[in-house]
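A quick write-up on the structure given underneath.
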Amino acid sequence: MDETRGETTSTATPIDPGVRIGHVHLKVADLDRALGFYCGVLGFELTQRYGNQAAFISAGGYHHHIGLNTWESRGGTPPPPGTTGLYHLAVLYPTRAALADALRRLMRAGIRLTGASDHGVSEALYLDDPDGNGVELYWDRPAADWPRDASGAIAMFTKALDLNDLLSEPKAGA
């Protein structure tokens with residue numbers, strides 16, 4: 001590691017390209033409140049619950065995409081600014097129409113966005129859950145449509161996402 005720049009130099013073999021992030025566990029202060037947001041607003045399904053200590057939720061019947069627990073955080077407060085920890089969890093939607101549906105759910109629930117961006121490769125909505133955990137809801141454009149520079153490398157950017165245009169998407173499954 002180059003201590004002067006905080007960079008890691010490695011000649012190790014890259015990780016298998018089939019590796020995926022399987023799930024995330026979040027510390028929450030109030031399990032019912034967290035379930036109200038993740039299941040009641042976003043639409044995840046409860047797959048298992050352990051009293052008021054933990055719950056596992058998913059989309060599409062997977063054992064769990066998100067674990068919610070109060071093991072070290074019951075009644076707690078979010079970490080103060082300027083501390084380390086989770087920046088956000090990201091939920092990948094399969095289509096732009098499904099992301100538009102997520103935006104409609106948030107609007108019906110009166111949940112305020114903290115941001116909305118077009119990154120060229122994806123479009124994303126940013127918000128905080130009831131415990132102050134950052135949440136990104138996004139969809140990826142097809143790889144063939146990703147912006148690239150003259151050398152062919154991905155050229156991501158951040159521009160404001162037009163929410164009215166997103167809302168003009170037909171309802172998912174319609």
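The values are calculated or read from the model by the stated rules, or taken from the named source; none is laboratory data. All values reported here derive from a predicted model rather than from experimental measurement. When we count neighbours, we look across all protein chains shown, and the Cβ atoms used for this are built from the backbone with ideal geometry, even at glycine. Accessible surface is based on the protein model in full, side chains and every heavy atom, while ligands, DNA and RNA are left aside. Shrake-Rupley method; radii C 1.70, N 1.55, O 1.52, S 1.80 Å.
Amide H contacts of V121 (H built 1.01 Å from N, in plane; Pro and chain starts excluded): F157 sit under 5 Å, all sequence-distant by 5 or more or on other chains.
In this structure, A160 and R105 have a Cβ-Cβ separation that, at R0 = 25 Å, corresponds to a calculated FRET efficiency of about 0.75. Gyration tensor analysis over the Cα atoms of segment 20-90 returns equivalent ellipsoid semi-axes of 20, 15, 11 Å (largest first, whole Å).
Note that segment 56-63 has calculated 3J(HN,Hα) couplings of 10, 10, 8, 10, x, x, 4, 4 Hz, one per residue in order, obtained from phi through the Karplus relation 6.51 cos²θ - 1.76 cosθ + 1.60 (θ = phi - 60°); glycine and proline are x.
Spin-label pair C39-R112: with each label point 7 Å from Cα along the Cα-Cβ axis, the two points sit 2.8 nm from one another. Multiplying the residue separation of E72 and L86 by 0.36 nm and removing their Cα-Cα distance gives an extension gain of 3.5 nm.
Of the residues S58, A90, A143, the one whose Cα sits farthest towards the positive end of the charge dipole of the chain is S58 (charges of +1 on Lys and Arg Cβ, -1 on Asp and Glu Cβ, taken about the Cα centre).
Remark on A172: its backbone amide H falls under 5 Å from those of D101, a criterion applied only to residues 5 or more positions apart or on other chains, H modelled at 1.01 Å from N.
Here the spin labels are modelled as points 7 Å beyond Cα on the Cα-Cβ line, and at H23 and Q53 they lie 1.6 nm apart. Relative contact order of the chain, please, whole-number percent, based on alpha carbon pairs below 8 angstrom and at least 6 residues apart. This gives 18 percent for the chain. When all alpha carbon pairs of the chain are counted in 10 Å bins from zero, the resulting P(r) reads 8, 30, 33, 21, 7, 0 %.
Descending by average beta-carbon neighbour count within 10 Å, the peptides 94-101, 57-64 line up as 94-101, 57-64, the highest first. The value of relative contact order for segment 42-102, using C-alpha pairs under 8 Å at least six residues apart, is 20 percent. With all protein chains in place and a 1.4 Å probe, the accessible surface of the chain carries 54 percent carbon and sulfur. Rounded to the nearest 20 debye, the dipole size of segment 22-174 about its Cα centre is 260 debye, using +1 on the Cβ of Lys and Arg and -1 on the Cβ of Asp and Glu.
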